[in-house]
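Remarks on the structure that follows.
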């Protein structure tokens, strides 16, 4: 019966629309914070460890994602869930410290030149674009899992995992490149 929606589809639309709305608002806020909001000079020398902490949270999130993936491949659902919740917690901590860092210090400029700058910018652009995609995907994937909609969870997780993993790993690489060419 084409054209008819199921009860599950109908009850999923409002939460998914809300998730997408929150994700768009969060992305717009971060873009404003990074590229429009001038950081206060009063705090320029405070909490200078935040970029390193951000990279650590990204690395820990990536590790938890890989571990969680290995658990689901072994059908260890409880360990998979714990790993994915851990990855989510590290990503939330990353987002908090990332937002704080940009509010205090503003945007970091890459000091490298030539081909390395081109490589850095390509990596950064892909990282930024995919992070905007990752946020709603992660939240929707968690929504399906936590609401017991495992077929939908499995279907979207196939896209969420590689994007989330890429964003986590490239976040560490971006940090390393900024640190190396400081």
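Throughout, read-outs are computed from the coordinates displayed, never taken from laboratory work. Computed from a predicted structure; not experimentally measured. Glycine gets a Cβ as well: all are built from the backbone with ideal geometry, and neighbour counts include every protein chain shown.
For the pair the range 134-182 / the range 18-40, the C-alpha centres are spaced 18 Å from each other.
Angle of helix 7-35 to the longest C-alpha principal axis of the chain, folded into 0 to 90 degrees and rounded to 10: 0°.
A Förster radius of 35 Å combined with the Cβ-Cβ distance from residue 103 to residue 78 puts the calculated FRET efficiency at roughly 0.40. Note on the chain: GNM, Cα springs under 10 Å; of 99, 141, 18, the largest mean-square fluctuation is that of 18.
Protection proxy ranking for 61-67, 45-51, using the average of other Cβ atoms within 10 Å per residue and placing the highest first: 61-67, 45-51. Could you give the angle, 0 to 90 degrees to the nearest 10, between helix 115-146's Cα long axis and the longest principal axis of the Cα atoms of the chain? Value to nearest ten degrees: 30.
Using the Cβ-Cβ distance between residue 13 and residue 52 with R0 set to 45 Å, the FRET efficiency from 1/(1 + (r/R0)^6) comes to roughly 0.65.
Between the beta carbons of residue 24 and residue 122, assuming R0 = 35 Å, the FRET efficiency works out to 0.90 to the nearest 0.05. When you restrict to C-alpha pairs under 8 Å that are six or more residues apart and normalise by the size of the chain, the relative contact order lands at 29 percent.
Once the Cα-Cα distance is subtracted from the 0.36 nm per residue extended length, the residue 95 to residue 31 segment shows a gain of 21.7 nm.
Distance between the 7 Å Cα→Cβ label points at residue 179 and residue 111: 1.5 nm.
Working note: 222 nm ellipticity from helices only, DSSP H runs with n ≥ 4, each -39,500 (n - 2.57), summed and divided by the residues of the chain, gives -28500 deg cm²/dmol to the nearest 500. Just checking the listed ones, 54, 101, 76: in the Gaussian network model of the chain with Cα springs under 10 Å, the one fluctuating most is 76.
When the alpha-carbon atoms of the range 7-180 are used, the pair Rg, Dmax equals 17.4, 56 angstrom. What angle, in degrees between 0 and 90 and rounded to the nearest 10, separates the Cα long axis of helix 77-105 from the longest principal axis of the Cα atoms of the chain? Value to nearest ten degrees: 30.
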